[in-house]
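Taken together, the values in this text are just the output of simple stated rules run on the coordinates, not laboratory data. None of the values given here were measured: they were computed from a predicted structure. Don't worry about glycine lacking a Cβ; one is built from the backbone with ideal geometry, like all the others, and counts go over all protein chains shown.
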Amino acid sequence: MKRKKIVFSGAQPTGSLTLGNYIGALQNWKALENEHHCLYCIVDLHSLTVRQDPKEFHGISLSFLTQYLASGLDPEKNIIFFQSHVPQHAELTWILGCGTYVGELNRMTQFKDKSEKNKDNVNSGLFTYPVLMAADILLYKTDLVPVGEDQKQHLELTRDIAARFNNLYGETFSVPEMYIPKIGARIMSLQEPSKKMSKSDVNANATIFLMDSEDTIMKKMKRAVTDSENMIAYRDEQPGIKNLITIYSSLTGLSIEEVVSNYEGKGYGAFKIDTAEVIIEFLRPFKKNYKDYMNNPDFIENVYKKGAQKAYGLAENTMTLVRERMGLVQK
Ligand code: ATP
Ligand code: LTN
């Protein structure tokens, strides 16, 4: 029998999850849970590369875990946990960091963007962020990493780090593949459709958050930037409309062609309102689940404690091998 593939992914607990996070990542996480061994992590150590208010950060971290569950991830099928609960992530980061060149990290576009945005805090964690991400993935001998397109460069670096280690010390890590959705790997900002929709966008109208109220969603969608072509078509020359079609298609399961043909000859106003309604409908069960889980903190605690316990065991197996390969004296 073929062994089930191992899947690992994560999101940083900062701000609030967006529709981009859902369509680019979480929707796929759920789709993979039956046929694979999946680990879904709240990568809280990654969030520390930007200064966090401790009290707020604590609440956001728990809220993220709750949003993972509310989006339908089954805690019986998946290992759901906090990165900081499994110290091997930090240990492997150090070891892999010693095999990663400064030149490689210097090329990372996310580092360049984020250091541009946080000029007063360009810390070494921000620089070595991709090594921690490589450690997250390699620690579990991951085969598949479902992420949005913005993570491609980090994934390629992870593959290089894994292959280099295997070459030097003998076969240790799986070299993971990236798994991105065919449609929706890059949901764009509603205000500047040439930029990705981001949690941290300063323009509040640019991003739909999963926790936004129905009114807010409707308002943001009505303000979404389109163009003057007056034609609902899926093409690069109309990035705003293309993005809305992508959102509509991803949430309803209709193909791009079906969406386009349903709206042939119709105006942008109606299409925006219908897309807003699709989003609102889609988020209704999510919000109900979120409220139910929030009223049950013991359940949440049980999920992440059990998750960490399972992840710890798997991580320790890999670390024992890594330490042995490198000649570190076993404990
Ligand atoms: P920020 O934009 O503030 O850097 P983020 O929204 O990218 O944060 P992450 O926690 O870094 O948030 O990402 C979680 C997952 O969501 C990643 O797999 C990422 O690729 C995916 N993702 C994020 N934004 C989008 C988007 N606009 N379209 C598709 N996928 C996305
Ligand atoms: N860097 C990612 C979040 C992340 C991740 C991971 C994704 C950290 N570790 C491991 C997949 C696998 C981001 O910024 N979206």
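Things worth noting here:
- Sequence-distant residues sharing a close amide H with MET188 (under 5 Å, placed H): MET197
- Estimated dipole of the chain in Debye, rounded to 20 [Cβ of Lys and Arg +1, of Asp and Glu -1, Cα centre]: 480
- Shown here for segment 200-299: GluC sites (Glu not before Pro) in loop regions (DSSP other than H, G, I, E, B) with at most 16 other Cβ atoms within 10 Å, namely GLU229, GLU237, GLU264.
- Restricting segment 218-263 to trypsin sites (Lys or Arg not before Pro) that sit in a DSSP loop and have at most 13 other Cβ atoms within 10 Å of their own Cβ leaves ARG223, ARG235.
- Using a cutoff of 8 angstrom between alpha carbon atoms and counting only pairs six or more residues apart, the relative contact order for segment 94-163 works out to 39 percent.
- Whole-Hz ³J(HN,Hα) from phi, Karplus 6.51 cos²θ - 1.76 cosθ + 1.60, for segment 293-299, glycine and proline x: 5, 4, 7, 10, x, 5, 4
- Long-range amide H partners of GLY148 with built H, under 5 Å: none
- In range of the label at LYS117: residues from segment 43-74 whose backbone nitrogen is under 15 Å from the point 7 Å along Cα→Cβ: 46-52
- Packing here is the average count of other Cβ atoms within 10 Å per residue, and on that basis the peptides 116-122, 265-271, highest first, run 265-271, 116-122.
- For the chain, the relative contact order is 22 percent, taking Cα pairs closer than 8 Å that sit 6 or more residues apart in sequence and dividing their mean separation by the residue count.
- Take 98-110, 179-191, 25-37 and order them by the average number of nearby Cβ atoms within 10 Å per residue, most first; the result is 179-191, 25-37, 98-110.
- Per-residue [θ]222 nm for the chain (sum of -39500 (n - 2.57) over DSSP H runs n ≥ 4, rounded to 500): -16500 deg cm²/dmol
- Residue (of GLY99, VAL322, THR49) at the positive-pole extreme of the chain, dipole from beta-carbon charges: VAL322
- Each residue of segment 61-68 was assigned a 3J(HN,Hα) from its phi angle through the Karplus curve 6.51 cos²θ - 1.76 cosθ + 1.60 (θ = phi - 60°); the sequence is 4, 5, 5, 5, 4, 5, 5, 4 Hz, with glycine and proline shown as x.
- The distance separating the Cα centre of segment 1-24 from that of segment 305-331 comes to 23 Å.
- Distance from the alpha carbon centroid of segment 90-143 to that of segment 178-209 works out to 23 angstrom.
- The charge dipole of segment 172-322, taken about the Cα centre with unit charges on the Cβ atoms of Lys, Arg (+1) and Asp, Glu (-1), comes to about 360 debye, rounded to the nearest 20.
- Cβ-based charge dipole, segment 197-316, positive-most Cα from ALA224, TYR304, SER261: TYR304
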